[in-house]
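Participant: My questions all concern the structure below.
The values are calculated or read from the model by the stated rules, or taken from the named source; none is laboratory data. Not measured: the values here are computed from a predicted model. Every residue, glycine among them, receives a Cβ derived from its backbone with ideal geometry; neighbour counts consider all protein chains shown.
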Amino acid sequence: MKTTASNRDGLPESFLAQFGEHVTGFLSGFDRLRFRATLRPLFQPGGLEIYLSCCKVLIKDFSSFAQKLTDRIKGEAYGLFRKAQRPIQYLRDAQTSKELLAQQLAKDNSIGQGAVVLFACVEPCLSFQIRGDRQAKRLRLVLEHSKCTHLYHYYQHPEFGLMHVRVQTWFPFTVDICLNGRQWLAHQMDQAGIAYRQCDNCFVWVEDFVEAQKLLDRQLQSDWPGLLQKLLILAHPLQEEITGAMRGLSYYWSASQTEFATDIVFDNAQSLQRLYPHFLLHGIRSFQSPDVLRFLGKKVNQSTGKVPANFKGQVTSSLKERPEGVRLRHTVNGNSLKMYDKCGNVLRIEATVIHPQEFKVYRPKEGDPEGPKTWRELRRGVADLHRRAEVSQAANNRYLLALASVTGSNSLHQEAASVCQPALYHTRRYRGLNPLCDSDYALLQAVSQGQFILSGFRNRDLRALLYKPAKDLLQRRRQAAAITRKLTMLRAHGLIRKIPHSHHYQLTPKGRRIITALLAACHADVEQLTKLAA
């Protein structure tokens, strides 16, 4: 039996310094992955007309031509599952959890490998319909929102575990494939001989976290087009005939949604249960819109720390109790960061990317692989999937870095008592802080701005936040001198430190912890605190 190894290299140092004694290991990689295969030329203006011309089909005959293909797609799918003696179910309610039904069927029938079930249901989609153009006096093919039958092929895959392929049975025959990186990892660890205990889609214990993380990292190096093409052939045998009718037509693979999770495994449930309420309170009270933007890689105003004026979108935070635990979710334009307590002893931070164009990737122009590289929009295509993992990991780490200031061991009185008392620094006496005083509250809030975490802050940065602009040179000097005295006072209390060979200052771990606690207390709702004290 191997000894348990803790992989700690990928977690923020400040988080480990604060909570590392309770952490046995972590895993960081893809969770749920949704891929989409589309026949892109058909979405171009006149694309379907060109396809029908290649098939020698008139526009007026499109409906009967499409219906024959639809009937054959359904017939092939039904035949495969009847041959495998697996159930075929029509679901009247598209909102029914197909994954839960498939999991139960796989469990009841002890299906370890192969087909599990075929679900058919009518769902919304984009599809082609014939519409009359009265002005031009001709028929046109229009891509519009409609509904059609979709087939969900569920399999216990020998490599990926339980997964499904969703086939749209009407033109343009879009296909979705859903995998789970954690189920995939379980099969990888089985083959590598690494013992583990799994709960839902996370691991509460792993024999060797370091080797398990290497397996997760190996997923990122996959030949995604080749891997997905095999799954497409498995569930959509007519795809070769459909694409072969038109030269250059093939399915294009994109990642329509990715979930990248960092699971931190604590030594026992009690350790996490003691800390998690503090994480939740800190996240919902202290993380404001600029912080959430920064977590997800957006720039904030360096001088004010506020949301940039040119930002177009919405930033939201929500708290919800779910079966697997209490979830805190922050959303920016559809992309999100979530925090869970799962299975008792697992803290999960999860970045979900639906709109990758919000991020950047260093690459050449599409269609010119040998051309000059520059920072361009992150694409949906699987070619940029590795970069999507990088930005998701960075978002998770920024969130954990912000959580590192949470303390669950001492009371606010124990933590803040020292800074509220006078302190001696270089033989001089400096007064204690009073966070309920407007001036001290503003100072603490200014030095804890999110944009100062990495590069620190200068005298002029604090002047811009604490004072109105002064045109008079003497007044500016007085403001600078006042800020210098405030900085010295914060240094006397050990809340900030000077960055060597620069004019910048940074919060110390003690400073971030205490200031976060004091500000959270100042933001707390009086009515809720009264109820808690009752």
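Participant: Inspect the stretch 94-105 for any residue being buried (at least 17 other Cβ atoms within 10 Å of the Cβ), within 30 Å of TRP224 (Cβ to Cβ) and in contact with a Ser or Thr (Cβ under 6 Å, 6 or more places away or on another chain) and give the result as yes or no.
Facilitator: Taking the stretch 94-105 and keeping what is buried (at least 17 other Cβ atoms within 10 Å of the Cβ), we get 98, 101-102.
From what's left, within 30 Å of TRP224 (Cβ to Cβ): 98, 101-102.
With the extra rule that they be in contact with a Ser or Thr (Cβ under 6 Å, 6 or more places away or on another chain), the set shrinks to none.
No: zero hits.
Participant: Oh, and also: Spot the failing condition for ALA212; the list is (1) over 20 Å from the mean Cα position of the chain (by Cα); (2) modelled with pLDDT under 95; (3) within 16 Å of ARG348 (Cβ to Cβ), and only one is missed.
Facilitator: (2)
Participant: Take GLU241 and tell me if it is without any contact (Cβ under 8 Å) to a residue 24 or more places away in the chain and either within 30 Å of the chain's Cα centre (by Cα) or over 19 Å from ASN396 (Cα atoms) (or both).
Facilitator: Numbers: without any contact (Cβ under 8 Å) to a residue 24 or more places away in the chain: yes; either within 30 Å of the chain's Cα centre (by Cα) or over 19 Å from ASN396 (Cα atoms) (or both): yes.
When the stated conditions are applied, GLU241 passes them.
Participant: Right, something else. Considering only residues of the stretch 187-220 that are under 30 Å from TYR252 (Cβ atoms) and free of Cβ contacts under 8 Å to residues at least 40 places away in the same chain, which is surrounded by the fewest Cβ atoms within 10 Å (Cβ to Cβ)?
Facilitator: In the first step, residues of the stretch 187-220 are kept if they are under 30 Å from TYR252 (Cβ atoms); the result is 187-188, 201, 215-220.
Of the ones still in play, those that are also free of Cβ contacts under 8 Å to residues at least 40 places away in the same chain are 187-188, 215, 218.
Working: HIS187: 15, GLN188: 20, LEU215: 20, ARG218: 12.
Only one residue fits best here, namely ARG218.
Participant: Out of the residues in the stretch 150-163 meeting the condition of being touching a helix residue (DSSP H, G or I) at 6+ places or on another chain (Cβ under 7 Å) and in contact (Cβ under 8 Å) with a residue 60 or more places away in the chain, tell me which one is farthest from LEU185 (Cα to Cα).
Facilitator: By that ranking, first place goes to LEU151.
Participant: Within the stretch 127-147, is there a residue that is in a strand (DSSP E or B) and under 29 Å from GLN104 (Cα atoms)? Please lay out each step first, then the result.
Facilitator: Here is the first cut: in the stretch 127-147, the residues in a strand (DSSP E or B) are 127-133, 138-147.
Those still in the list that are under 29 Å from GLN104 (Cα atoms) too: 147.
Yes, the conditions are met somewhere in the stretch 127-147.
Participant: Those residues that are in a loop (DSSP other than H, G, I, E, B) and closer than 18 Å to GLY450 by Cα, I need them from the stretch 471-520; list them, please.
Facilitator: Residues of the stretch 471-520 in a loop (DSSP other than H, G, I, E, B): 471-472, 493-495, 499-504, 508.
Across the stretch 471-520, the qualifying residues are LEU495, ILE499, HIS504, THR508.
Participant: Being assigned by TED's automatic domain parsing to the domain that holds ILE354 and assigned to a helix (DSSP H, G or I), is that true of even one residue in the stretch 50-59?
Facilitator: Taking the stretch 50-59 and keeping what is assigned by TED's automatic domain parsing to the domain that holds ILE354, we get none.
No; the residues of the stretch 50-59 include none that is assigned by TED's automatic domain parsing to the domain that holds ILE354 and assigned to a helix (DSSP H, G or I).
Participant: Take the conditions surrounded by 18 or more Cβ atoms within 10 Å (Cβ to Cβ), touching a residue at least 24 places away in the same chain (Cβ under 8 Å) and out of contact with any helix residue (DSSP H, G or I) (no Cβ under 6 Å at 6 or more places or on another chain) and apply them to LEU275. Does it pass? Please lay out each step first, then the result.
Facilitator: Numbers: surrounded by 18 or more Cβ atoms within 10 Å (Cβ to Cβ): yes; touching a residue at least 24 places away in the same chain (Cβ under 8 Å): yes; out of contact with any helix residue (DSSP H, G or I) (no Cβ under 6 Å at 6 or more places or on another chain): yes.
Yes.
Participant: Please verify whether CYS178 is at pLDDT below 95 and buried (at least 18 other Cβ atoms within 10 Å of the Cβ), treating the condition exactly as stated.
Facilitator: Working: at pLDDT below 95: no; buried (at least 18 other Cβ atoms within 10 Å of the Cβ): yes.
The answer is no for CYS178.
Participant: Please pick out the residue among VAL292, VAL332 that is of a type in the set (Val, Ile, Thr), in contact with a strand residue (DSSP E or B) (Cβ under 9 Å, 6 or more places away or on another chain) and either more than 29 Å from ALA446 (Cα to Cα) or at pLDDT below 90 (or both). Let's see the steps before the verdict.
Facilitator: Details: VAL332 fails: either more than 29 Å from ALA446 (Cα to Cα) or at pLDDT below 90 (or both).
After ruling out the rest, the residue left standing is VAL292.
Participant: Being in contact with a helix residue (DSSP H, G or I) (Cβ under 7 Å, 6 or more places away or on another chain) and closer than 28 Å to ALA521 by Cβ is the filter here, so list the residues in the stretch 462-483 that pass it. Break it down stepwise before answering.
Facilitator: Let us first name the residues in the stretch 462-483 that are in contact with a helix residue (DSSP H, G or I) (Cβ under 7 Å, 6 or more places away or on another chain), namely 462-463, 465-467, 470, 479-480, 483.
Answer for the stretch 462-483, where residues must be in contact with a helix residue (DSSP H, G or I) (Cβ under 7 Å, 6 or more places away or on another chain) and closer than 28 Å to ALA521 by Cβ: LEU462, ARG463, LEU465, LEU466, TYR467, ILE483.
Participant: Restricting attention to the stretch 435-489, and to residues there that are of a type in the set (Gly, Ala, Ser) and under 16 Å from PRO509 (Cα atoms), which single residue is surrounded by the fewest Cβ atoms within 10 Å (Cβ to Cβ)?
Facilitator: First, pick out the residues of the stretch 435-489 that are of a type in the set (Gly, Ala, Ser): 439, 442, 446, 448, 450, 455-456, 464, 470, 480-482.
Subsequent filtering for residues that are under 16 Å from PRO509 (Cα atoms) retains 448, 450, 455-456.
Numbers: SER448: 21, GLY450: 18, SER455: 13, GLY456: 19.
Among them, the one singled out is SER455.
Participant: Starting from the stretch 344-362, keep only residues that are over 30 Å from ASN268 (Cβ atoms), then list their pairs with residues that are among the aromatic types (Phe, Trp, Tyr) whose Cβ atoms are within a distance under 8 Å, requiring at least 6 positions of separation or different chains.
Facilitator: Close Cβ pairs (under 8 Å, with a partner that is among the aromatic types (Phe, Trp, Tyr)) amount to VAL353/PHE260; VAL353/PHE359; LYS360/TRP375; VAL361/TRP375; TYR362/TRP375.
Participant: Working carefully through the options ILE194, ILE177, find the one that is of a type in the set (Val, Ile, Thr) and over 25 Å from the mean Cα position of the chain (by Cα).
Facilitator: Working: ILE177 fails: over 25 Å from the mean Cα position of the chain (by Cα).
The conditions single out ILE194.
Participant: For the stretch 309-329, check the following and say yes or no: at least one residue is among the aliphatic types (A, V, I, L, M), part of a loop (DSSP other than H, G, I, E, B) and under 21 Å from the mean Cα position of the chain (by Cα). Spell out how you get there, then give the answer.
Facilitator: If we filter the stretch 309-329 for residues that are among the aliphatic types (A, V, I, L, M), which is where we start, we get 309, 315, 319, 326, 328.
Remaining after also requiring part of a loop (DSSP other than H, G, I, E, B): 309.
Then drop every residue that is not under 21 Å from the mean Cα position of the chain (by Cα), which leaves none.
No, the stretch 309-329 has no match at all.
Participant: Any chance the stretch 228-235 includes a residue that's under 23 Å from the mean Cα position of the chain (by Cα), outside any helix (DSSP H, G or I) and either outside the structural domain of CYS121 (by TED's automatic domain parsing) or within 24 Å of LEU378 (Cα to Cα) (or both)? Even if it seems obvious, please write down each step before you answer.
Facilitator: Here is the first cut: in the stretch 228-235, the ones under 23 Å from the mean Cα position of the chain (by Cα) are 228.
If we keep only those that are outside any helix (DSSP H, G or I) too, we end up with none.
No - not one qualifying residue is present in the stretch 228-235.
Participant: Has the stretch 257-267 got at least one residue that is in the same structural domain as ARG388 (by TED's automatic domain parsing), over 24 Å from the mean Cα position of the chain (by Cα), touching a residue at least 40 places away in the same chain (Cβ under 8 Å) and not in a helix (DSSP H, G or I)?
Facilitator: Of the residues in the stretch 257-267, the ones in the same structural domain as ARG388 (by TED's automatic domain parsing) are 257-267.
Then drop every residue that is not over 24 Å from the mean Cα position of the chain (by Cα), which leaves 267.
Now drop any that are not touching a residue at least 40 places away in the same chain (Cβ under 8 Å), which leaves 267.
Add one more test, that the residue is not in a helix (DSSP H, G or I), and what stays is 267.
Checked against the condition, which is being in the same structural domain as ARG388 (by TED's automatic domain parsing), over 24 Å from the mean Cα position of the chain (by Cα), touching a residue at least 40 places away in the same chain (Cβ under 8 Å) and not in a helix (DSSP H, G or I), the stretch 257-267 yields at least one hit.
Participant: Related question: Applying the selection to the stretch 209-267, what residues are within 25 Å of PRO356 (Cα to Cα) and among the small types (Gly, Ala, Ser)?
Facilitator: SER222, GLY226, SER250, SER254, ALA255, SER256, ALA261
Participant: Going through ALA102, ALA106, ALA94 one at a time, which residue ends up being assigned to a loop (DSSP other than H, G, I, E, B) and either in contact (Cβ under 8 Å) with a residue 12 or more places away in the chain or within 19 Å of LEU143 (Cβ to Cβ) (or both)?
Facilitator: None of the others qualify; the one that does is ALA94.
Participant: Residue check: is GLU144 surrounded by 12 or more Cβ atoms within 10 Å (Cβ to Cβ) and among the acidic types (Asp, Glu)?
Facilitator: On the way: surrounded by 12 or more Cβ atoms within 10 Å (Cβ to Cβ): no; among the acidic types (Asp, Glu): yes.
In short, no.
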